[in-house]
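For reference, the structure is listed below as structure tokens.
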Amino acid sequence: MFLWLFYIFAKLKIYNMSLQVKIMDAMKSAMKSKDSIALEALRAIKAELLLAQTQSGSKIELTEEEEIKILQKLVKQRKDSAAIFAEQGRQDLAEPELAQVAVIEPFLPEQLSTDKVKAIVAEIIAEGRFSGMQAMGQVMGIASQKLAGKADGKTISTVVKALLVK
């Protein structure tokens, strides 16, 4: 009996909440608390997830890696927008963007510190015996795969540049 129930739960993925279910729950609580900024950010996540799911042409759920990439893209867009608004002296527009970043980031896995990224990139450089800036593309490719979802590309890029210049 227990195995049969576990099989049903596994098929329905009830035991492991997907990102879409978490987003819907967060949307419900944002609606109840009338938090328009959180609601806007959560609706953007839901729209991007649905768009990605329909673009793949299948009804199968997105993988966790694909979901993380989408969330990282949304965070990056909002941070870039906030930076542009701040440069132009429009704090009134920058603040909601940063507030949306604060809503989206809890759905991402914890990001590695710069020191940990440095350690991993140094290990990659040592294993491949890379040296000089001409090897940056190769190191970035390996590091991006190894650190996918754990660190943003800008951090990885600055660390790779710093370590290859030495």
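The values are calculated or read from the model by the stated rules, or taken from the named source; none is laboratory data. Please read these numbers as outputs of a predicted model, since none were measured by experiment. Don't worry about glycine lacking a Cβ; one is built from the backbone with ideal geometry, like all the others, and counts go over all protein chains shown. Note: accessible area is taken over every heavy atom of the protein model, side chains too, but ligands, DNA and RNA are not part of it. Shrake-Rupley method; radii C 1.70, N 1.55, O 1.52, S 1.80 Å.
Remarks
- Residue identified as touching a helix residue (DSSP H, G or I) at 6+ places or on another chain (Cβ under 9 Å), farther than 21 Å from MET27 by Cβ and modelled with pLDDT under 90 among ILE84, ILE60: ILE60
- Check on MET31, modelled with pLDDT of 50 or more, open to solvent by less than 100 Å² (accessible area, probe 1.4 Å) and more than 15 Å from PRO106 (Cα to Cα): yes
- Lone qualifier among LEU98, LEU93, LEU74 - being in a helix (DSSP H, G or I), touching a Phe, Trp or Tyr at 6+ places or on another chain (Cβ under 6 Å), modelled with pLDDT of 90 or more and aliphatic (A, V, I, L, M): LEU93
- Residue count for segment 65-99 under the criterion of being without any contact (Cβ under 8 Å) to a residue 12 or more places away in the chain and under 18 Å from LEU50 (Cβ atoms): the result is 1.
- Tally, over segment 40-58, of residues that are within 18 Å of GLN72 (Cα to Cα) and open to solvent by less than 70 Å² (accessible area, probe 1.4 Å): 9
- Restricting attention to segment 122-160 and to residues that are more than 30 Å from PRO106 (Cα to Cα) and in contact with a Phe, Trp or Tyr (Cβ under 9 Å, 6 or more places away or on another chain), the residue that is least open to solvent (accessible area, probe 1.4 Å) turns out to be MET136.
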